[in-house]
Structures are given as C-alpha cells and as structure tokens.
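Undergrad: Below is the structure I would like to discuss, written out as structure tokens.
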Amino acid sequence: MSKYTTTSILFLIILFALILQVQYDGITGLVLIIPVLIYLTLLIAGSVLISFNFYFKSLCEIKTDDKIVAITFDDGPHPIITTGLIKVLEKHEVKAAFFCIGNKIAKHRKIIEMIEDKGHLIGNHSFTHHRWFDLFTSNKMLKEITNTSNEIEKVTGKRPSLFRPPYGITNPQLKKAVETSGMISVGWSLRSFDTIHGKEKVMKKLKSRTAPGKIILFHDTNKNIVQIIDEYIIWLKSNGYKIVSLERMFNIQAYENK
C-alpha cells in the first residue's frame, strides 16, 4: 500500500469522525478545514518530493557506509555539452547515466551512440518533457514513455528499463503509466541546481551535501556543467568516494533485453 493510499484512508476516517462531531456534538464546521489543509499539503509535498516515495517507489539513494555515489544527467542529449561531458567522464574513467528526452534522440543519434559506446547508461525522460506533463492523462504519459523507449531502442538496440519523471513530479496518473510500462522509476537524493546557480555555489552545495549512497542530479544542457563535473569528480576521488553505475548501486538492469 502506497503512502498516498494510507494517507487518503486516514484522511477519510478523520474527516468522517469530525463530520459526526459537527452534526451531533455541536462543534463548529470550521474544524473540518484543518484536516483538509493537512491532506492537501501532503499531496503537494508528495508530488514534488520524489524521494518521499508518496505515490510510488523511485530509486533515490541507498543506505550504506561505503563511500559510493551515482552521477546522472537529465534533459539531453545536447550536441556540444553532452559530447564535452563524455570526454571529461572518459578522462576520469567514470560512468554515468543520461536520462534523455525522446524528441531529441533522432536529431542527435550520434551522441546517443557515443553515450552507449563509452559504457554509460541511457534512461527514459519522457518524449517531450512538456511543462504540463504532470497534468497529462495516464495514457498520454504512457505514450510519451513508450515513444522514448522506442527511440532509444532504435539507436542502441536496447530497450531502457529506467525512467525519470520530468521535473521529478509524481502523481497517481504517473503511477499507473509507470506500472503499465514496467519501468523502474529513478529519482535523486542530491539536486545540484546546476541550471539555476553558478559553478561556485553548485560546488559549495555538492561538497557540503555529498554523502554515501547519494544519486546526484545534473543536466547536460548547462554550459558550465562540464567544468563542474570535472572539478566535482576530482573532489570526490580526493575524498575517498567512488562513482558507480545505477546498475551496481541498486543491483538492477538498465535494459530489458540486456
């Protein structure tokens, strides 16, 4: 039973009990506002905090004392930035995961081939990454997921098993789409905010919040990301961290037909 289901059941029980008190004990009806506001707050928090696993489970981190982390990128591929990242990752002998937007894949086929050839993982990040994706019906979400997996398979010959929700937003519609697709939802436990802040602020946050078992979110659409990753990997290694793949971290397969 999901946290959403449990919360909804408890909310209905509490609301029903309060309604009875209002009817028979003369309590003011304004008291009903309190559980409603709490419930709505939990729904919103559960939607925007993917690591809360409110509607369904997403892999966001592991509990471990081993100094391992996983590096992931969203919103690519980008013909220049992604290529630069691949070169930096190769220089440091590090593997990462790239969650790609489906409608960019055919336009940048060679970049996808490069990601695959260098041994990085390729995941599904929806077909359009539409700003209103979280308001789509479950069928429309499923179509976006399916179309993106089809595009990845056309290029690599492998069908991805890993899906990252656009913006990290989750809801009951996406739960149904993900379950129908059979994919594994992947979130994060450390968001770099690389698309919002400059290199210095990003690095300061990464250095203060990096911990064993974290999945770190970056974007291969930010012009500063290549320099950030280069510096961050050097810092990780100098502090005893090892960068591992999502497959190794969670003992999962990133592709259906691997």
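Rule-based calculations on the coordinates, nothing more; no lab input. Computed from a predicted model, the values in this text were never measured in an experiment. In this analysis, Cβ positions are derived from the backbone assuming ideal geometry, glycine residues included, and neighbour counts consider all displayed protein chains.
Undergrad: Which value in nm describes the separation of the simple spin-label points at LYS87 and LYS118, placed 7 Å from the Cα toward the beta carbon?
TA: Modelled inter-label distance: 1.0 nm.
Undergrad: Right, here's the next one. Using alpha carbons only, how many degrees (0 to 90, rounded to 10) separate the axis of helix 172-181 from the longest principal axis of the chain?
TA: Tilt relative to the chain: about 50 degrees.
Undergrad: Taking the Cα centre of the chain as origin, work out the dipole magnitude from +1 charges on Lys and Arg Cβ and -1 charges on Asp and Glu Cβ, in debye rounded to 20.
TA: Here the chain has a charge dipole of around 420 debye.
Undergrad: Relative to a virtual label point 7 Å from the Cα of LEU32 in the Cα→beta-carbon direction, which members of the stretch 1-22 show backbone nitrogen distances below 14 Å?
TA: Counting only backbone N, you get 12-22.
Undergrad: For ILE13 and LEU135, what does the FRET efficiency come to when R0 = 25 Å and r is the distance between their Cβ atoms, rounded to the nearest 0.05?
TA: Taking R0 as 25 Å, the efficiency between ILE13 and LEU135 is 0.30.
Undergrad: Of all the Cα-Cα pairs you can form in the chain, what percent are over 22 Å apart?
TA: Values: 19249 of 33153 pairs.
Every Cα pair in the chain considered, those over 22 Å come to 58 percent.
Undergrad: Taking H placed 1.01 Å from N in the peptide plane, check which residues at least 5 places from VAL186 or on another chain put their amide H under 5 Å from its amide H.
TA: Those qualifying (amide H under 5 Å, at least 5 residues apart or on another chain) are LEU59, PHE163, ARG164.
Undergrad: Let me ask something additional. Find the lysine pairs in the stretch 121-221 meeting two conditions, Cα atoms under 21 Å apart and a separation of 8 or more places or different chains, and report how many there are.
TA: 11
Undergrad: I've got another one for you. Starting with the fewest neighbours, write out LEU12, LEU206 ranked by other beta-carbon atoms found within 10 Å of each beta-carbon.
TA: Placing the least packed residue first, the sequence is LEU12, LEU206.
Undergrad: Right, something else. Fewest Cβ neighbours within 10 Å first, please rank ARG248, ARG164 accordingly.
TA: Details: ARG248 12, ARG164 27.
Least to most surrounded, the residues fall as ARG248, ARG164.
Undergrad: Hey, with R₀ at 22 Å, roughly what FRET efficiency would VAL48 and ILE252 work out to, going by the Cβ-Cβ distance, to 0.05?
TA: 0.30
Undergrad: So what are the three principal axis dimensions of the stretch 159-258 from its Cα atoms, in whole Å, longest to shortest?
TA: Principal-axis extents of the stretch 159-258 (Cα, largest first): 42, 27, 22 Å.
Undergrad: Would you mind ranking ASP74, ASP230, ASP25 by Cβ crowding within 10 Å, fewest neighbours first? Display every interim value, and only then the final one.
TA: Numbers: ASP74 23, ASP230 17, ASP25 8.
Placing the least packed residue first, the sequence is ASP25, ASP230, ASP74.
Undergrad: Which whole-Hz couplings ³J(HN,Hα) result when phi for each residue of the stretch 109-124 is put into the Karplus expression 6.51 cos²θ - 1.76 cosθ + 1.60, θ = phi - 60°, listed in order with x for Gly and Pro?
TA: 4, 5, 5, 4, 4, 5, 4, 5, 4, 8, x, 7, 8, 10, x, 9
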